[in-house]
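The values are calculated or read from the model by the stated rules, or taken from the named source; none is laboratory data. Note that the structure is predicted; figures quoted are calculated from it, not measured. Cβ placement follows ideal geometry from the backbone for every residue including glycine, while neighbour counts extend to all protein chains displayed. Note: areas computed on protein heavy atoms with side chains; ligands, DNA, RNA excluded. Shrake-Rupley method; radii C 1.70, N 1.55, O 1.52, S 1.80 Å.
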Amino acid sequence: MAEPKEETEPLLGWARGGGGGGDCPPELPTCRSVRVGFGAAASQDLCIDQAVVFIEDAIQYRSINHRMDAGSLWLYRWYYSNMCQWTLNFIIFLILALAFIETPSSLTRTADLRYRSSPWEPPCGLTESIEVICLLVFVADVSVKGYLVGWAHFWKSLWLLAYLVVLVISLMDWTVSLSLVCQEPLRIRRLLRPFFLLQNSSMMKKTLKCIRSSLPEMASVGLLLAIHLSLFTMFGMLLFTGEKQDDEQNRERLTYFRDLPEALTSLLVLLTTANNPDVMIPAYSRNRAYAVYFIIFIIGSLFLMNLLTAIIYSQFRGYLMKSLQTSLFRRRLGTRAAYEVLSSMSGEGEAAPRVVGVKPQSLLKVLQKVQLHSFHKQAIMEKVRSYGGVLLSTGEFQNLFNELDKSVIKEHPPRPQYQSPFLQSAQLVFGHHYFDYLGNVIALGNLVSICVFLVVDADVLPQDRDDFILGILNCVFILYYLLEMLLKVFALGLRGYLSYPSNVFDGFLTVVLLEAADAGPAVTMGHDPTAEHAHCVPVPAHHPQHEADGCGGQHPPGPDPEPAGIQWDPGGGVLCVRHHRDQLISRHHCGPFWKQQAALITLWNVMVVNNWQVFLDAFQRYSGRWSEIYFVLWWLVSSVIWVNLFLALVLENFLNKWDPHGHLQPLAGTQESTYQMTVELMFRDILEEPKEEELVERLSGHLHLRLCR
């Protein structure tokens, strides 16, 4: 893009001779509305503060459409301070964490029905008190946001309006809870809590926009996938249900194709290959040719699922470009707004300045107040000082902030200087990266030795194991780690050793291993793993009452017997809880599924899609067919959309790491090296610099910073 022509007049009308001249409204508070006396100093301070906020907006890629008077600027900077933002993030974490202790809660040490205790139930009003504090903080948050952006803009922002609606519904539902003494059947506000995290994260907002823009293309592939699934469901019903169902083999084959919903669910799970080859084996046992049906279905499913991944990646990359273009525009707009504010100060005392620019001294005052990384601030200030007293033009002002695209890599402290040739040679050897490789090989040998002893002693009880040789080996390895740490400190110096995070980690592990070696004998002395249930006695293997209740008196696989009062029916997977070994209290279905007892763990296991048909079947039996729709939707959102978006992000980052434009070069004014690998710099050849007309037009539309031409 060609450099814009030099401005002969600033864009801000109050810099043209008179205060608030041109067609700017005289009542508009500006940094140049007063020129003499104490008012002149106040207006100059306002100019500085406005430029500080504009530059901070540019650094953080924030919008500049907010109030610009002195009080609002103070509130704006306080709101975006680290303390305020950390407090808001903690409040969001707190309100989301309430779900772990609110009734019903599954926060127990173990999920096993036989051993777990009842979860703690907080009294009515405890979690509600914490929740109302969080909600009041959110009310203050939306109020501050609404005031800063202006209420005219507030009513046009869908996110802020949704924020307000969610808060109103949450407070109303909270009031209902207290009026019913926490006995309400449904808490609607629990469903709305994730919104607080969503509206506070710009990345999540961008991800949702990416998904929304990808929906048309995803819907087309989803339609092909639905057609593929429907056709094979009908073919499966025709192939596997047309024969007689008398013999056992046919009944086994019909397990997965008993009716249309069952067949559709079986093939839907087969999309993820979770029930393969179980769904195929009964039909394959009847006729080997039936395997062709399942092979073709899986091949078509893999093709369509990978096509969906490709579409999501393509859309993500396109949306990433749009997002980066918007970020670049916001940075250029913020710095240009700061330039306009500061350039209005350069003509102070002149009726009509002929050349407009920014005084380096004014910019230095601004940079001293800006919250910025010290290395970047030092580099920019050194460049500003190099201009002396020459006014900065628009292009020069913008180029100063290109230093923000450079990330700093600190140089390690210098190594100690030894006079002895022997010590110098030792320093060279122990400071070489080959010495690190040797340490990695020794650590690998330590791991292999532990694995060998674990395999050899796998069938030996802990109290019968002879750990003498393993203990000697561990002592040898620990002594080597200690020696390695001391030699590295000798070669690099203490400060140099601590400047490497890997060395800090290795040193911490070495200290832990030394402490563990001292505490090892005390920990391993005569612990009986069965002592926890020593008070339990086994239930008789065959009791008449057990047979009547349907529990065969058998124990689940394992060396330890069941505690008193527990009986296991391996055929039906039923756990019978008894009192005094003869009176039945309750019967529970057990197994891996019934030991989950936590919504997060259940959804995690469904997202992994390993045997997720077990969850579908279990919830379908106890909650109806509609529960399957819930889990299928969760699978689509988590495993198909979110995982593919994460994969697209990983691929994009991996490809950009090999970008030839990333290179090392010294940062201006510092001795450190910089690695130019910010996201904007990676795509600098693709991104388009904003045009001068676009910046001027956007600044002209600022509701709180009027341009007068």
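Worth pointing out:
- Sub-7 Å Cβ pairs linking a first residue in the stretch 491-509 that is more than 20 Å from ASN474 (Cα to Cα) to a second residue that is surrounded by 14 or more Cβ atoms within 10 Å (Cβ to Cβ) and polar (S, T, N, Q), at least 6 apart or interchain, are ALA491/GLN427; TYR497/ASN503, ordered by first then second residue.
- Inspection of the stretch 143-166 identifies at least one residue that is in contact (Cβ under 8 Å) with a residue 12 or more places away in the chain and closer than 17 Å to SER177 by Cβ.
- Evaluation of SER638 against the conditions (1) more than 25 Å from LEU304 (Cα to Cα); (2) surrounded by fewer than 17 Cβ atoms within 10 Å (Cβ to Cβ); (3) of a type outside the set (Phe, Trp, Tyr) shows that the sole unmet condition is (1).
- Within the stretch 178-193, residues that are under 21 Å from ALA97 (Cα atoms) have Cβ atoms under 7 Å from residues that are in a loop (DSSP other than H, G, I, E, B) and open to solvent by less than 80 Å² (accessible area, probe 1.4 Å) in these pairs: CYS182/CYS124, counting only partners at least 6 apart in sequence or on another chain.
- Residue under evaluation PHE257, criteria (1) in contact with a Gly (Cβ under 7 Å, 6 or more places away or on another chain); (2) modelled with pLDDT of 85 or more, criterion not met: (2)
- Only one of the listed residues (LEU454, LEU479) is open to solvent by 70 Å² or more (accessible area, probe 1.4 Å), among the hydrophobic types (A, V, I, L, M, F, W, C), free of Cβ contacts under 8 Å to residues at least 24 places away in the same chain and closer than 28 Å to PRO413 by Cα. That residue is LEU479.
- Within the stretch 431-443, not a single residue is hydroxyl-bearing (Ser, Thr, Tyr) and in contact with a strand residue (DSSP E or B) (Cβ under 8 Å, 6 or more places away or on another chain).
- Residue list for the stretch 463-474, filter: surrounded by 12 or more Cβ atoms within 10 Å (Cβ to Cβ) and not polar (S, T, N, Q): ARG465, ASP467, LEU470, GLY471, LEU473
- Scanning the stretch 203-227 for residues that are closer than 22 Å to LEU158 by Cβ and either of a type outside the set (S, T, N, Q) or without any contact (Cβ under 8 Å) to a residue 24 or more places away in the chain (or both) yields a total of 11.
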